[in-house]
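The structure appears below as structure tokens.
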Amino acid sequence: MTTQTSFKKIFSIGLLALACGALPSQAVEVGGVKIDDATTVEGKPLKLNGAGIRTKFVFKVYAMGLYLTDHKTTPTEVQALAGPKRVTIVMMREVPSDELAKTFVAGLNANSSAAEKAKTSDQTQKFEKMFSVVPAVKKGDVLTLDWLPGTGTVSQLNGKPLGEPLPDAAFYNAVLRIWLGDKPVDDALKPALLGAK
């Protein structure tokens, strides 16, 4: 009797789990990774503007979402938008931190003019160095890059701060151009982040 009761209980829990799984989820699935369709930054609700996957050769490196207060479809509109912004990156494979940092900085430099690079060079160096606190970013790790008006670019790995805030809005826009610039690190990811259907 006890065994039968236990079995019924386990069976009921299983059915409940299946039923919950069938409910509409508040996330977008990108390459098997769930990206929330909304988030809150500094008390302000942000909506998922677009999401996609960064691939290198045939490998999936990370899934990514761009969050804004209002939907924007061009890089210029995204950069000009006031208020907080967030880039969420969910790693799909392990990458040495220094390699990821170099990739970010290469993308940043490729999409910045000489004047823009000169203006943000100090912050770019700090951004690259902050990855040195961890040897690698692992599969499933979540990196967020937030723009907080009055504070600057705030980076976190799995909810823990990485480095210090970087105050210049020009630097955050340079970071955004890694994916949204004229020479994005991934040609397919750019339109996905801009919400192309």
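Residue pairs whose Cβ atoms lie under 8 Å apart, sitting 6 or more positions apart in sequence or on different chains, and linking a residue in the range 63-81 that is within 13 Å of LEU194 (Cβ to Cβ) to a partner that is among the β-branched types (Val, Ile, Thr) and surrounded by fewer than 18 Cβ atoms within 10 Å (Cβ to Cβ), are GLY65/VAL28; LEU81/THR69.
Listed here are the residues, each with its yes/no results for (1) among the hydrophobic types (A, V, I, L, M, F, W, C); (2) farther than 15 Å from VAL185 by Cα.
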{"position": "VAL41", "(1), (2)": "yes, yes"}
{"position": "LYS44", "(1), (2)": "no, yes"}
{"position": "THR55", "(1), (2)": "no, no"}
{"position": "HIS71", "(1), (2)": "no, yes"}
{"position": "PRO75", "(1), (2)": "no, no"}
{"position": "PRO84", "(1), (2)": "no, yes"}
{"position": "VAL95", "(1), (2)": "yes, yes"}
{"position": "ASP98", "(1), (2)": "no, yes"}
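The strands (runs of 3 or more DSSP E) falling completely within the range 6-60 that include 3 or more residues that are modelled with pLDDT of 95 or more and in contact with a Phe, Trp or Tyr (Cβ under 8 Å, 6 or more places away or on another chain) map to 38-41, 44-56. Being surrounded by fewer than 12 Cβ atoms within 10 Å (Cβ to Cβ), at pLDDT 85 or above and either more than 22 Å from LEU180 (Cα to Cα) or under 29 Å from the mean Cα position of the chain (by Cα) (or both) is a description that does not apply to THR3.
Only residues that are surrounded by fewer than 18 Cβ atoms within 10 Å (Cβ to Cβ), out of contact with any Asp or Glu (no Cβ under 9 Å at 6 or more places or on another chain) and either closer than 22 Å to LYS34 by Cβ or not β-branched (Val, Ile, Thr) (or both) were counted in the range 54-68, giving 3.
So for the range 69-87 (the condition being modelled with pLDDT under 95, in a loop (DSSP other than H, G, I, E, B) and acidic (Asp, Glu)), does at least one residue qualify? No, that holds for no residue.
The values are calculated or read from the model by the stated rules, or taken from the named source; none is laboratory data. All values derive from a computational prediction rather than experimental measurement. Note: ideal-geometry Cβ built from the backbone for every residue, glycine included; neighbour counts use all protein chains shown.
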